[in-house]
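Novice: Dropping a structure here in structure tokens format, bear with me for questions.
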Amino acid sequence: MPLGGPYRYTRAGRGVFHFPLERPWTWALTHHGMWSVFVADTEPARQGAPARRHPLHPPRELMGCWLAIYATRDYEADAVRWLREAHGLEAPAGDVLPAGAYVAVARLAEVSTIGNDSRSFGRDPWWAPRGVGCRGTIAWWLEEIQPLEPLPAAPAKRLTPVDPELMPELRERMRLARDGIWRPEVYAAPAPVPFPAPSRKRAPAPAPPPSPRPRVVDDRPVPPMLANPVQFGLFGGRAAGDGQ
């Protein structure tokens, strides 16, 4: 591996090799322009040492060849969080995205490391966008990416040649996609998590109407009437027949 910078392929290869990739990274590659992948092997834990992941360089003879991107049945939760934080993307759920199938073909064009490529310092949105964690230390850069109608296939070992019996169908689906006869399906994203409605201050309950004032009842005894009361007529005059 040269230390001066990324190294590119010098000749276009014709081989097509199986390349497994977890979901939803496959969706980011086929639908949102992701063009870098990061490959690692896991060393199992042993006595006195935990399990460790080792980033990998591709074999020299693989440069310039085609990778058939195979969507595995694994669904990576860390990828969901990274896509949300780095790009504001809500990845479709695992039961929506195709799995166990080839979903794209791309050429392995370039390889670079975090120490010799300025794209790893916040310049490339798919490697290490500012404010978000770096995805890896060795980037495999893809070009001529062609999404295609998912082609079901059995799992295989990474970077082994694609099954020759599948190659005619794979080429045909590449042609249909390249000519625009087949277009990538739009996968529904999950509904956003509902946020609690803002609390509204309740209007104060109306004050109860004032209680009516108690009526003042004069229960004093009525004074006795006069012995000879004066009778008035209907309109205030003295009544007829009162002797006056």
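Novice: Somewhere in the range 127-149, is a residue within 27 Å of THR10 (Cβ to Cβ) and free of Cβ contacts under 8 Å to residues at least 40 places away in the same chain?
Specialist: yes
Novice: I'm told GLU149 meets every condition in (1) of a type in the set (Asp, Glu); (2) under 21 Å from ALA188 (Cβ atoms); (3) within 17 Å of the chain's Cα centre (by Cα) except one. Can you identify the failing condition by its number?
Specialist: (3)
Novice: Return the residue satisfying two criteria in turn: it lies in the range 134-153 and is open to solvent by 50 Å² or more (accessible area, probe 1.4 Å) and farther than 17 Å from THR26 by Cα, and of such residues it is modelled with the highest pLDDT.
Specialist: THR137
Novice: Take residues that are buried (at least 19 other Cβ atoms within 10 Å of the Cβ) and tell me which of the strands (runs of 3 or more DSSP E) falling wholly in the range 4-114 contain 1 or more.
Specialist: The strands (runs of 3 or more DSSP E) meeting that bar are 16-23, 66-75, 101-113.
Novice: Related question: In the range 138-152, is there at least one residue being closer than 25 Å to GLU61 by Cα and either of a type in the set (S, T, N, Q) or assigned to a loop (DSSP other than H, G, I, E, B) (or both)?
Specialist: Among the residues of the range 138-152, at least one is closer than 25 Å to GLU61 by Cα and either of a type in the set (S, T, N, Q) or assigned to a loop (DSSP other than H, G, I, E, B) (or both), which makes the answer yes.
Novice: Scan the range 164-174 for residues that are part of a loop (DSSP other than H, G, I, E, B) and either surrounded by 14 or more Cβ atoms within 10 Å (Cβ to Cβ) or basic (Lys, Arg) (or both) and report the count.
Specialist: 1
Novice: State all residues of the range 69-101 that are farther than 20 Å from TRP126 by Cα and touching a residue at least 12 places away in the same chain (Cβ under 8 Å); if no residue qualifies, say none.
Specialist: Once the filter is applied, which keeps residues that are farther than 20 Å from TRP126 by Cα and touching a residue at least 12 places away in the same chain (Cβ under 8 Å), the range 69-101 yields THR72, ARG73, ASP74, ALA93, GLY94, VAL96, LEU97, PRO98, ALA99, GLY100, ALA101.
The values are calculated or read from the model by the stated rules, or taken from the named source; none is laboratory data. Quick caveat: nothing in here was measured; it's all calculated off a predicted structure. Ideal geometry is used to build each Cβ from the backbone, glycine not excepted, and the neighbour counts take in all protein chains shown. Surface areas here come from the heavy atoms of the whole protein model, side chains and all, with no ligands, DNA or RNA. Shrake-Rupley method; radii C 1.70, N 1.55, O 1.52, S 1.80 Å.
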